[in-house]
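Take a look at the structure below.
The values are calculated or read from the model by the stated rules, or taken from the named source; none is laboratory data. Every value quoted in this text rests on a predicted model; they were computed, and no experiment measured them. Backbone-built Cβ (ideal geometry, glycine too); neighbour counts: all protein chains shown. Note: accessible area is taken over every heavy atom of the protein model, side chains too, but ligands, DNA and RNA are not part of it. Shrake-Rupley method; radii C 1.70, N 1.55, O 1.52, S 1.80 Å.
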Amino acid sequence: MSRHILVFYGSYRRDRQGIKLARWIVEALNARGDSAELVDAKAVDLPMLDQRFSDYAAGEAPAAMADLAAKIAAADGYVFVTGEYNGGLQPGLKNLVDHYLTGFAWRPAAIASYSAGPFAGVRSATAWRTTLGAMGMVVISTPLGLARIGGAFDAGGQPAGEDGGRLAKAFPRFADDLGWWVDAAKAQRAEAGAPF
């Protein structure tokens with residue numbers, strides 16, 4: 001059974017390293033038979049939060065915001081790829097997510113964190129667990145962390161070196177855990193006749 005999973009990424013920096021991880025996760029999920037799609041906050045380019053999608057009257061939200069709302073509502077689960085900025089959340093990804101609320105409810109989320117140093121973005125991942133839980137998502141218990149991202153991928157975008165090897169080894173368990181929760185949530189929503 002194919003699962004539709006959105007992979008969110010939120011850096012706006014000029015020399016973005018995390019995009020390598022986000023793209024690799026999309027490819028790896030698709031290779032497992034799921035349907036994964038990258039949502040790049042920089043490409044979506046929503047303004048700093050002024051009005052949430054739900055604050056607009058029907059049909060009046062900006063097109064990019066409405067298109068993403070439809071994708072969020074249609075997805076079975078989510079992966080949030082997040083770097084650690086001064087020990088906290090990436091502002092671009094947080095701004096993107098804050099435009100929405102209801103579309104995320106009753107769906108599982110997974111966190112893939114990264115950093116330039118040895119700690120793999122663990123402080124950012126911890127902060128995201130709180131945020132995603134507050135939005136009604138079930139955050140899976142299996143994290144995916146990548147340290148020293150600058151050297152963890154080869155020129156073709158595949159995991160390389162010791163850190164890349166650890167990523168490739170940890171990914172199947174991460175994806176299995178997300179898949180289990182996606183299937184469970186889909187079944188529960190169907191049984192309840194939920195309109196979401």
task: Answer with yes or no whether GLY165 is surrounded by 13 or more Cβ atoms within 10 Å (Cβ to Cβ) and assigned to a helix (DSSP H, G or I).
output: no
Residue check for ARG23: modelled with pLDDT of 95 or more and more than 20 Å from PHE104 (Cβ to Cβ): yes
field: Selected residue [closer than 20 Å to ASP40 by Cα and of a type in the set (Lys, Arg)] from LYS169, LYS94
entry: LYS94
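To keep it simple, each residue is scored yes or no on (1) of a type in the set (Phe, Trp, Tyr); (2) touching a residue at least 60 places away in the same chain (Cβ under 8 Å); (3) touching an Asp or Glu at 6+ places or on another chain (Cβ under 6 Å).
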{"site": "HIS4", "(1), (2), (3)": "no, yes, yes"}
{"site": "ILE19", "(1), (2), (3)": "no, no, no"}
{"site": "ARG32", "(1), (2), (3)": "no, yes, no"}
{"site": "VAL39", "(1), (2), (3)": "no, no, no"}
{"site": "ALA43", "(1), (2), (3)": "no, no, no"}
{"site": "ALA69", "(1), (2), (3)": "no, no, no"}
{"site": "ASN86", "(1), (2), (3)": "no, no, no"}
{"site": "LEU89", "(1), (2), (3)": "no, no, no"}
{"site": "LEU93", "(1), (2), (3)": "no, yes, no"}
- prompt: What residue, of VAL26, VAL81, is surrounded by 15 or more Cβ atoms within 10 Å (Cβ to Cβ), out of contact with any helix residue (DSSP H, G or I) (no Cβ under 7 Å at 6 or more places or on another chain), under 29 Å from ALA190 (Cα atoms) and not basic (Lys, Arg)?
  reply: VAL26
message: Contact list please: Cβ distance under 9 Å, first residue in the range 128-149 and over 14 Å from ALA112 (Cβ atoms) and small (Gly, Ala, Ser), second residue at pLDDT 95 or above and in a strand (DSSP E or B), pairs at least six apart or on different chains.
response: GLY133/ALA109; GLY133/VAL139
field: Yes/no for GLY33 being small (Gly, Ala, Ser) and within 30 Å of PHE119 (Cα to Cα)
entry: no
message: I need the full set of residues from the range 101-127 which are among the hydroxyl-bearing types (Ser, Thr, Tyr), at pLDDT below 95 and crowded, with 18+ Cβ neighbours inside 10 Å, in order please.
response: SER115, SER124
- line: Counting only residues in the range 34-78 that are within 19 Å of the chain's Cα centre (by Cα) and hydroxyl-bearing (Ser, Thr, Tyr), the one most open to solvent (accessible area, probe 1.4 Å) is identified as SER35
message: Checking ALA155 against (1) surrounded by 15 or more Cβ atoms within 10 Å (Cβ to Cβ); (2) over 20 Å from VAL97 (Cα atoms); (3) out of contact with any Asp or Glu (no Cβ under 7 Å at 6 or more places or on another chain), only one condition comes out false. Which one?
response: (1)
